[in-house]
1. Among the residues that make up the range A:349-363, is at least one of them in the same structural domain as A:GLY76 (by TED's automatic domain parsing) and farther than 29 Å from A:VAL427 by Cβ?
2. Residue check: is B:MET438 more than 11 Å from chain A (Cβ to nearest Cβ) and not polar (S, T, N, Q)?
3. Among (1) open to solvent by 20 Å² or more (accessible area, probe 1.4 Å); (2) under 22 Å from the mean Cα position of the chain (by Cα); (3) within 28 Å of B:GLN164 (Cα to Cα); (4) of a type in the set (Lys, Arg), where does A:ARG359 come up short?
4. Considering every residue within the range B:361-368, establish whether at least one is within 13 Å of another protein chain (Cβ to nearest Cβ) and not small (Gly, Ala, Ser).
5. In the range A:211-318, which strands (runs of 3 or more DSSP E) lie fully inside it and hold 1 or more residues that are under 26 Å from A:LEU47 (Cβ atoms) and over 22 Å from the mean Cα position of the chain (by Cα)?
6. Name the residues in the range B:96-134 that are buried (at least 19 other Cβ atoms within 10 Å of the Cβ) and farther than 17 Å from B:LEU220 by Cβ, would you?
7. Would you mention how many residues in the range A:376-422 are touching a residue at least 12 places away in the same chain (Cβ under 8 Å) and in contact with an Asp or Glu (Cβ under 9 Å, 6 or more places away or on another chain)?
8. Please go through the range B:159-207 and give me each residue that is facing chain A (nearest Cβ under 10 Å), within 26 Å of A:ALA25 (Cα to Cα) and either hydrophobic (A, V, I, L, M, F, W, C) or open to solvent by less than 20 Å² (accessible area, probe 1.4 Å) (or both), ordered by number.
2 protein chains.
Amino acid sequence: MKRMVLTCCAIWLSTVVFAAPGDSAVLSRISAHILSQGKCYEDLRTLCKQIGHRISASPEAEKAVAWGEAALRAAGCDRVWLQPVQVPKWVRGEEHLALRFSPDQPYVDVPVLSLGNSEGTNDKIKKAEIVMVESFDAYKKLNPTELEGKFIFFNYHFRHDFPQTFNAYGDAVKYRWQTPEVIGKTKIAGVIIRSVSSGADDFPHTGGTMYPDKENVFPLVAIGNKTADRLEAACRKGTTAAMLRSNCGLKGTAMSYNVIGEITGSVHPQDYMVVGGHLDSWDVGEGAHDDGAGCVQAIEVLRTFKSLAIKPKHSIRAVLFMNEENGAKGGRAYADSARVRKEHHIVALESDAGGFAPRGFELSWNAKQKQAFMAFAPLLQRYGIYDFEKEGGGVDVGFLKNNGSIIGELIPDSQRYFDVHHTDNDVFETVNHRELKMGAAAMAQFIYLADQYEILD
Amino acid sequence: MKRMVLTCCAIWLSTVVFAAPGDSAVLSRISAHILSQGKCYEDLRTLCKQIGHRISASPEAEKAVAWGEAALRAAGCDRVWLQPVQVPKWVRGEEHLALRFSPDQPYVDVPVLSLGNSEGTNDKIKKAEIVMVESFDAYKKLNPTELEGKFIFFNYHFRHDFPQTFNAYGDAVKYRWQTPEVIGKTKIAGVIIRSVSSGADDFPHTGGTMYPDKENVFPLVAIGNKTADRLEAACRKGTTAAMLRSNCGLKGTAMSYNVIGEITGSVHPQDYMVVGGHLDSWDVGEGAHDDGAGCVQAIEVLRTFKSLAIKPKHSIRAVLFMNEENGAKGGRAYADSARVRKEHHIVALESDAGGFAPRGFELSWNAKQKQAFMAFAPLLQRYGIYDFEKEGGGVDVGFLKNNGSIIGELIPDSQRYFDVHHTDNDVFETVNHRELKMGAAAMAQFIYLADQYEILD
């Protein structure tokens with residue numbers, strides 16, 4: 001006989017909810033206004049099509065700063081300013097990878113992207129045999145002397161069995177971030193990784209890496225899933241080799257800016273609520289989902305409060321952070337400034353997980369704050385917002401946590417994100433107008449409730 | 001002082017939930033299997049790219065029947081058969097619409113689609129002035145004699161303020177369906193409607209219409225939003241005219257088939273649970289979301305039960321219905337047959353709202369059945385399934401409701417659907433592999449729970 005157990009016993013007792021009669025109507029006005037008159041989609045078109053990708057310290061990043069400042073002014077903010085940030089300047093330059101899938105075949109050019117912050121071959125050709133490894137554990141069992149001078153192909157597959165792709169990303173991204181740490185002192189020719197990608201295509205995905213040991217710096221590049229499949233099959237059969245020429249590398253630092261717009265609070269002007277995204281992107285595609293979407297949504301939140309003449313009690317800031325992708329200097333600078341100026345930040349909410357249809361929020365709130373907010377959660381379900389289970393917060397707002405603020409992040413639907421993330425394919429056309437606007441509305445609705453009821457104060 | 005009221009008091013009491021320890025694991029196996037090894041996306045590629053669009057009684061529809069039969073056999077069904085259905089044959093033929101936006105300008109060709117089941121101009125040119133009308137109410141205030149011989153342009157806008165697009169569709173689709181009824185006996189040249197479309201593009205959207213009065217049959221065509229915007233502006237300024245030539249029309253009937261695959265139940269083989277989609281599509285695009293997606297998801301459900309060796313207690317059928325788009329003869333034929341054969345259908349679940357990431361189910365269950373199922377609902381939340389609020393059921397399974405069955409429909413995210421619905425743009429490339437699979441997994445999970453616990457029996 002089947003043993004039955006008591007699970008999921010969701011007895012929600014004594015959740016006495018006080019919502020003003022008008023709350024549902026205000027949330028509806030916010031959503032209807034953004035869906036029918038919101039400008040975030042057109043803002044994103046401008047950012048993507050007139051500026052394009054915009055890595056920190058590039059001319060495009062500086063154009064994006066000017067664009068962001070103008071957009072926040074046009075949104076009707078009470079104050080708009082630039083906050084200086086010293087950012088690293090990483091330059092891709094040219095890069096070519098050719099693979100030889102068997103000793104009797106010629107080298108074949110394949111699509112490739114060097115990983116961000118990595119150093120290239122200094123424009124020289126590096127030619128070496130490839131050793132395929134499936135995981136760090138497998139790597140550690142190999143004899144280092146047999147790896148010397150070779151290309152290591154980390155062939156870790158993105159796990160499709162996770163229902164949410166961010167879990168698969170979290171599982172696989174260590175092969176982008178931590179590989180130099182695992183390689184340690186072994187003098188290899190370089191690293192080729194299978195892209196951290198859910199796409200069944202051949203787009204390579206870039207993204208940040210780092211060298212903990214400055215004495216052992218080698219090139220790291222990513223190849224698309226189709227090339228990786230072909231290389232995997234070839235490695236199982238016999239000897240393979242790679243020929244890499246690239247000249248990427250860090251080229252010092254430059255001055256850049258976070259762009260900040262504010263609506264000053266009517267009751268507690270010294271208490272701040274932040275909505276934000278990051279203005280920089282990788283130097284491929286158009287940085288549409290990552291993170292043009294978050295920027296235009298943050299701007300939309302403030303524009304909506306102004307357009308609907310909703311006067312917040314607390315000050316609300318839209319912060320367009322610089323340099324999330326390869327240094328997070330903007331997030332750090334903002335939090336440092338807030339600490340020095342003793343600015344009390346109640347909550348800082350970021351959108352940096354794609355401009356897809358929203359599903360919820362992850363926050364670093366405590367149980368009491370969460371319980372207070374959850375009383376309002378049913379009002380958000382008709383907008384598709386139901387998920388408040390995860391602890392969270394994004395990279396840029398993360399630095400405010402040390403200041404004692406609650407940090408959080410919008411959770412959009414994750415299924416499509418890692419098809420396009422950090423690729424040439426992260427373009428405006430992959431963003432849907434209504435999904436983007438629903439995300440902006442969710443952020444505005446969350447901020448409205450938190451502001452109105454001082455739930456998180 | 002603000003008057004506070006008690007709202008949303010979600011006290012869920014005495015929901016004592018019995019779930020076997022293995023349930024969560026089985027649901028996880030189903031999802032992981034489909035996400036990593038499911039074949040529905042490749043099935044959809046075949047259906048869309050090797051067959052393409054497939055309106056009832058077309059050669060492509062017959063190819064789709066053969067494809068569906070083979071796919072269900074390959075999925076490992078215990079039985080596969082074809083169920084004859086007499087279907088109408090509507091043929092589009094050629095169609096050309098030219099508009100004159102002002103008397104001093106020449107006619108300009110614009111993208112157009114005749115509405116399904118409508119009759120064309122019999123290949124003659126119909127040329128007449130345009131009268132723009134914003135709504136049925138506005139139409140009814142006009143003098144019928146002044147409308148005679150003219151084209152009526154129903155310029156009703158898709159309402160973007162609804163959070164869920166199906167509400168906007170429900171609001172606007174009457175201008176596609178009911179226009180001939182509203183026109184009544186007035187002898188007009190024809191009707192041009194602004195497409196029932198959320199897209200800010202110029203794709204016309206087709207879809208079914210009907211003539212209640214066979215004595216007053218006139219052409220009905222749809223134009224895309226961009227052309228409609230231009231025509232609206234022109235109509236506000238002055239006199240406009242249209243020139244239409246088309247030769248669409250109903251050309252009798254033909255024999256076609258529903259395609260049915262079954263896994264026979266191990267305990268209650270005479271009790272049936274249906275998962276289904278419709279095999280026909282409009283004669284544009286590839287019928288990818290509408291409703292290739294539903295067909296390949298239904299097949300995936302049965303394949304998954306077989307692959308994972310989950311033996312259902314009740315018989316499970318995948319039904320690929322014919323002729324949903326312009327007659328629903330397949331749904332009717334299936335229900336008629338079930339009634340005649342006294343087949344007891346417990347539940348019939350359809351997927352016909354796009355192959356997007358799933359969010360829930362709408363069902364026609366009673367309060368007791370719903371309460372029993374809701375005990376398991378928390379197990380589904382990690383797969384993004386949380387919405388069980390709406391009453392519902394799809395067109396094809398709808399006919400089974402009269403037989404006493406519970407009917408239901410998968411609710412996918414709705415934001416993108418009406419950008420592509422019934423257009424040349426409803427192609428395979430707009431379907432995301434993971435979203436499609438998540439929908440298939442949700443259906444399999446729902447059926448597993450309903451079968452295992454006999455919740456709906």
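The values are calculated or read from the model by the stated rules, or taken from the named source; none is laboratory data. None of these values were measured; they are calculated from a predicted model. Cβ placement follows ideal geometry from the backbone for every residue including glycine, while neighbour counts extend to all protein chains displayed. When the accessible area is computed, the model is the full protein with side chains, heavy atoms only, and any ligands, DNA or RNA have been set aside. Shrake-Rupley method; radii C 1.70, N 1.55, O 1.52, S 1.80 Å.
1. Pass one, the range A:349-363, residues in the same structural domain as A:GLY76 (by TED's automatic domain parsing): A:349-363.
If we keep only those that are farther than 29 Å from A:VAL427 by Cβ as well, we get A:363.
Scanning the range A:349-363 turns up at least one residue that is in the same structural domain as A:GLY76 (by TED's automatic domain parsing) and farther than 29 Å from A:VAL427 by Cβ.
2. no
3. Checking A:ARG359 against (1) open to solvent by 20 Å² or more (accessible area, probe 1.4 Å); (2) under 22 Å from the mean Cα position of the chain (by Cα); (3) within 28 Å of B:GLN164 (Cα to Cα); (4) of a type in the set (Lys, Arg), the one that fails is (1).
4. Looking only at the range B:361-368, we keep the residues that are within 13 Å of another protein chain (Cβ to nearest Cβ), and these are none.
Among the residues of the range B:361-368, not one is within 13 Å of another protein chain (Cβ to nearest Cβ) and not small (Gly, Ala, Ser), which makes the answer no.
5. Fully inside the range A:211-318 and qualifying: A:249-263, A:268-278.
6. Residues satisfying the conditions are B:ARG100, B:PHE101.
7. Selection size over the range A:376-422: 32.
8. Selection gives B:PHE162, B:PRO163, B:THR165, B:ALA168, B:SER198.
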